[in-house]
Number of protein chains: 2
Amino acid sequence: MNALNVAETMQLLGVQARQASSAMARASTAARNQALRELARLLRAHTDPLQIDNARDLERARAAGLAEPMVDRLKLTPKVLETCAQGCEQLAAMPDIIGDIVGLKQQPSGIRVGQMRVPIGVFGMIYESRPNVTIEAASLSIKSGNACILRGGSEAIDSNKALAALVRQALAAAGLPQEAVQLVPTTDRAAVGQLITMPQYVDVIIPRGGKGLIERISAEAKVPVIKHLDGNCHTYVDDSCDLDLAVKVVDNAKTQKYSPCNATESLLVARGVAQAFLPRIAAVFASKGVEMRCDAESAALLRSGATPFSVSDAQESDWYEEYLAPVISIKMVAGLDEAMEHINRYGSHHTDAILTRDHVHAQRFLREVDSASVMVNASTRFADGFEYGLGAEIGISTDKFHARGPVGIEGLTSLKWVVLGEGEIRS
Amino acid sequence: MNALNVAETMQLLGVQARQASSAMARASTAARNQALRELARLLRAHTDPLQIDNARDLERARAAGLAEPMVDRLKLTPKVLETCAQGCEQLAAMPDIIGDIVGLKQQPSGIRVGQMRVPIGVFGMIYESRPNVTIEAASLSIKSGNACILRGGSEAIDSNKALAALVRQALAAAGLPQEAVQLVPTTDRAAVGQLITMPQYVDVIIPRGGKGLIERISAEAKVPVIKHLDGNCHTYVDDSCDLDLAVKVVDNAKTQKYSPCNATESLLVARGVAQAFLPRIAAVFASKGVEMRCDAESAALLRSGATPFSVSDAQESDWYEEYLAPVISIKMVAGLDEAMEHINRYGSHHTDAILTRDHVHAQRFLREVDSASVMVNASTRFADGFEYGLGAEIGISTDKFHARGPVGIEGLTSLKWVVLGEGEIRS
């Protein structure tokens with residue numbers, strides 16, 4: 001596709017999305033839920049043919065020499081499809097928040113004023129590899145009464161096209177416009193540049209992928225971007241802490257999975273419990289092959305015990321690092337104030353936890369740590385739309401604006417003001 | 001001030017604002033309210049000396065040949081100062097929403113999850129002429145626990161400096177950092193360019209002024225902007241409408257004041273009531289010297305009656321126009337659908353009203369008109385933070401993102417997720 005054709009294609013998708021968004025905003029709860037249930041049915045009914053489309057992507061990926069873990073992420077196994085189908089059904093079963101009016105209050109002038117929850121309009125989503133994201137995004141878009149334009153990774157284009165065809169069928173079956181969910185049909189990179197600079201057609205961009213991709217998109221976009229940058233998450237072990245609980249939670253926060261953005265990357269330990277706590281958690285990390293990058297004080301402590309540990313010396317850059325790997329930075333701090341100062345300075349404002357028995361410390365940590373999720377006595381791994389009860393998640397925002405932390409249906413809506421009067425005039 | 005000095009000055013303001021914002025986020029409700037009450041006291045105590053500072057601005061403005069209505073806007077009369085003082089006291093009396101935790105719910109994993117309202121951090125405000133905006137912005141910033149950097153118009157620089165000095169005194173008296181509210185000390189235009197491109201220090205920009213200024217700032221800013229673009233507001237007179245009510249409300253919406261953004265600029269009338277309604281409202285407009293720019297059908301009706309009216313022919317461009325003047329565009333429509341289509345196409349998504357007795361029409365209008373404020377049987381002039389019960393208003397947003405419509409304290413906050421556990425781990 002040449003540049004002119006890409007521009008024309010994106011323009012057409014934009015016009016169609018904007019039109020479809022009006023119909024979706026008007027659509028009944030029943031119709032949107034019917035589309036979701038129909039989509040679940042179609043995913044199950046087409047499990048076999050979808051394998052064939054998916055196989056073409058897998059073949060191409062292997063031929064291009066993609067590493068097997070990356071090929072794995074592309075797979076639309078029957079299990080993955082069943083999870084997608086269940087996700088659609090769960091969304092259908094959730095209450096509809098579109099049209100809710102909150103806070104309707106009588107004003108001295110006589111008018112009643114409240115706020116109605118309405119769809120944002122059109123969102124553009126840019127994502128890589130996993131084709132099941134196509135279904136997650138489409139289903140959240142349908143439930144929230146939006147239209148969307150989806151730009152998946154080129155490596156999953158055959159799978160995405162097949163899934164998008166089922167979404168169109170499901171929309172049509174429910175009497176909704178098929179253009180409410182559109183897949184960008186070309187893998188041309190110029191399409192992304194177009195998608196993020198059409199404010200007349202697209203209200204918000206949601207990118208999912210590496211930090212570099214998201215920074216690039218944010219810099220070039222002409223519409224708001226729900227950014228999900230890095231997760232440099234901290235767990236702080238406070239002075240008055242249940243150490244059994246701390247070992248269990250820190251272990252889980254770091255080692256349950258290394259790749260998620262909500263895994264703990266940095267451990268801060270109050271000096272008062274360091275002697276009792278650090279060797280215990282170091283033993284866990286050592287047994288699991290987690291590299292420990294320590295500040296001078298914690299390194300000295302861990303190297304000097306009855307059973308010395310092999311740890312490396314942390315560099316200044318380590319405090320900023322999102323490892324996404326079996327590596328953790330460790331620092332001893334004087335107490336709560338130094339811990340919070342460190343987190344607010346080096347952290348990425350994603351998710352941070354305090355482990356403590358001290359009520360005042362817990363309250364101060366919740367209030368003063370400037371992160372999208374702040375936790376007391378829980379694993380940072382809980383920062384997730386499903387775990388938070390949102391039903392589904394379109395992304396995790398590290399922005400403070402509009403949506404913060406895990407973003408579900410509500411993050412795809414806005415509140416408009418509603419004024420009900422009986423002929424009042426302003427004096 | 002040369003370019004280097006401007007850059008250094010803005011950098012310093014940024015560093016100080018970021019530091020102050022942490023202290024403000026931690027500050028007690030009592031301290032923030034004390035600062036507001038102290039500011040009210042200082043404004044009253046300094047009414048006389050403030051006149052002297054203000055007089056220098058007025059003198060300069062007159063010497064520069066500024067029109068008297070513009071000079072008027074600069075005046076810090078005792079009445080204006082008393083209104084500012086009362087505004088501060090009203091804010092102090094309002095409940096504190098910072099630290100509120102909403103929706104705390106038990107999850108299946110055992111954790112409890114909710115959302116805490118916290119300050120945004122640092123906002124930058126760019127505004128023109130009226131120096132009382134300095135106090136409005138400062139007081140909203142203090143109440144909401146933010147820090148702010150204020151950039152007022154050069155024509156009010158002496159008044160703004162004197163007011164900012166009182167704000168610093170009030171902050172100090174309450175034990176809060178004086179750098180929580182900083183005025184840009186230079187009138188150099190380069191300072192604006194710096195202010196809107198310091199994402200490390202400034203979280204959001206709120207511009208108040210003409211559409212051109214706001215579009216320029218939005219295009220160049222490297223941080224989110226709460227935009228207040230134009231208000232091309234509509235009132236639609238529906239078929240089943242109380243015509244006495246309609247005459248009263250449309251008259252108020254257009255003529256109570258011509259300059260506000262929430263004044264009605266376009267009148268849509270259902271064909272079924274046009275014959276009965278249009279001559280009545282035209283008589284009102286004619287008596288007040290309001291120019292009527294009509295589509296062919298309404299023009300024909302108004303020119304052909306027993307007492308023909310003098311109306312002009314609307315051009316296509318009139319439907320987009322925000323006149324802010326004694327001019328109104330008038331169009332006859334088939335009914336609700338055509339009215340909504342027209343509003344969503346030509347309007348600026350600010351404020352639009354339907355006047356009707358029909359419940360279904362009212363509901364559809366509220367749901368389907370894509371504007372920040374949608375009204376039934378009320379004057380569009382009500383779209384205002386005070387009239388909506390927000391206590392104060394930092395601006396009116398025509399964005400859908402973050403804040404929509406009148407923006408009060410809540411618009412200067414974000415919600416972060418709070419997780420309370422007892423040692424839960426993710427499985």
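The values are calculated or read from the model by the stated rules, or taken from the named source; none is laboratory data. These numbers were taken from a predicted model, which means no experiment stands behind them. Counting neighbours? That spans all protein chains shown, and the Cβs are built from the backbone with ideal geometry, glycine included. In case anyone asks, the SASA skips ligands and DNA or RNA and just uses the protein heavy atoms, side chains included. Shrake-Rupley method; radii C 1.70, N 1.55, O 1.52, S 1.80 Å.
Peptide A:400-409 shows a mean partner chain C-beta count of 5 within 10 Å per residue C-beta.
Calculated from DSSP H runs of 4 or more alone, at -39500 (n - 2.57) each and per residue, what is the 222 nm mean residue ellipticity of chain B, nearest 500? Numbers along the way, then the final one.
Numbers: 14 runs with 185 residues, N = 427.
After summing the helix terms and dividing by the residues of chain B, the value is -14000 deg cm²/dmol.
Among residues other than residue B:354 whose Cβ falls under 10 Å from its Cβ, what is the net charge (Lys/Arg +1, Asp/Glu -1)?
Numbers: positive: B:364; negative: B:238, B:352, B:358.
Taking every Cβ under 10 Å from that of residue B:354, the sum is -2.
Order B:101, A:394, most accessible first, counting only protein heavy atoms with a 1.4 angstrom probe. Spell out each step's value before the answer.
Details: B:101 75, A:394 5 Å².
Per-residue accessible area, sorted high to low, gives B:101, A:394.
Note on residue A:161 and residue A:222: the extension gain reaches 19.2 nm, defined as 0.36 nm multiplied by sequence separation minus the Cα-Cα distance. Residue and distance for the chain B Cβ closest to the axis that moves B onto A, in whole Å, come to B:402, 2. Residue order by solvent-accessible surface for B:254, A:79, B:288, A:105 is A:79, A:105, B:288, B:254, largest first, with ligands and nucleic acids left out and a 1.4 Å probe. From the square roots a ≥ b ≥ c of the eigenvalues of the alpha-carbon gyration tensor of the protein assembly as shown, which class results: rounded (a/c under 1.5), prolate (a/b over b/c), or oblate? It comes out oblate by the Cα gyration axes. If you sort B:307, A:413, A:197 by accessible surface, 1.4 Å probe, largest first, the order is B:307, A:197, A:413.
Note on segment B:231-246 and segment B:106-164: Cα centroid distance 37 Å, given to the nearest whole angstrom.
What does the charge count near residue B:72 come to, summing +1 for each Lys or Arg and -1 for each Asp or Glu among other residues with Cβ under 13 Å from its Cβ? Net of charged neighbours comes to +2. Residue B:209 label point (Cα plus 7 Å toward Cβ) to equivalent points in the other copies: 3.7 nm, shortest first.
Counted over chain A, the DSSP beta bridges are approximately 30% antiparallel. Would you kindly find the accessible area of residue B:240, with a 1.4 Å probe and non-protein molecules such as ligands, DNA and RNA excluded, rounding to the nearest 10 Å²? Approximately 50 Å² for this residue. With the label put 7 angstrom out from Cα along the Cα-to-Cβ vector, residue B:259 ends up 6.1 nm from the copy partners, going from closest to farthest. Per residue of peptide B:366-375, the mean number of Cβ atoms on other chains within 10 Å of the residue Cβ is 6.
Per-residue surface analysis assigns residue A:198 an accessible area of about 10 Å², computed on protein heavy atoms at 1.4 Å probe radius.
Placing a label point 7 Å from the Cα of residue B:52 along the Cα-to-Cβ direction, the residues of segment B:159-197 whose backbone N falls under 18 Å from that point are B:159-167. Cross-link pairs exceeding 31 Å in C-alpha to C-alpha distance, out of B:222/B:254; B:79/B:331; A:143/B:105, comprise B:222/B:254; B:79/B:331.
Of A:252, A:146, A:33, the residue with the greatest mean-square motion in the GNM of chain A, using alpha carbon springs below 10 Å, is A:252.
Residues of A:217-226, mean number of Cβ from any other protein chain within 10 Å of their own Cβ, rounded to a whole number? Write down the numbers at each step before the final one.
Working: counts 0, 1, 1, 0, 0, 2, 1, 6, 1, 1.
Other-chain Cβ atoms within 10 Å of each residue's Cβ, averaged: 1.
Which residues among segment B:155-186 fall inside the zone where the amide N is under 17 Å from a point 7 Å beyond the Cα of residue B:44, along Cα→Cβ? Label zone hits: B:167, B:170.
Rolling a 1.4 Å probe over the protein heavy atoms leaves residue B:303 with an accessible area of roughly 100 Å².
A straight line joining the Cα centroids of segment B:18-44 and segment B:390-426 runs 20 Å. With the label put 7 angstrom out from Cα along the Cα-to-Cβ vector, residue A:26 ends up 5.5 nm from the copy partners, going from closest to farthest. Label zone (residue B:271, point 7 Å along Cα-to-C-beta; backbone nitrogen cut-off 19 Å) within segment B:331-349: B:331-343. Taking amide H as placed 1.01 Å from N in the peptide plane, residue A:383 has no amide H partner under 5 Å among residues 5 or more places away or on another chain.
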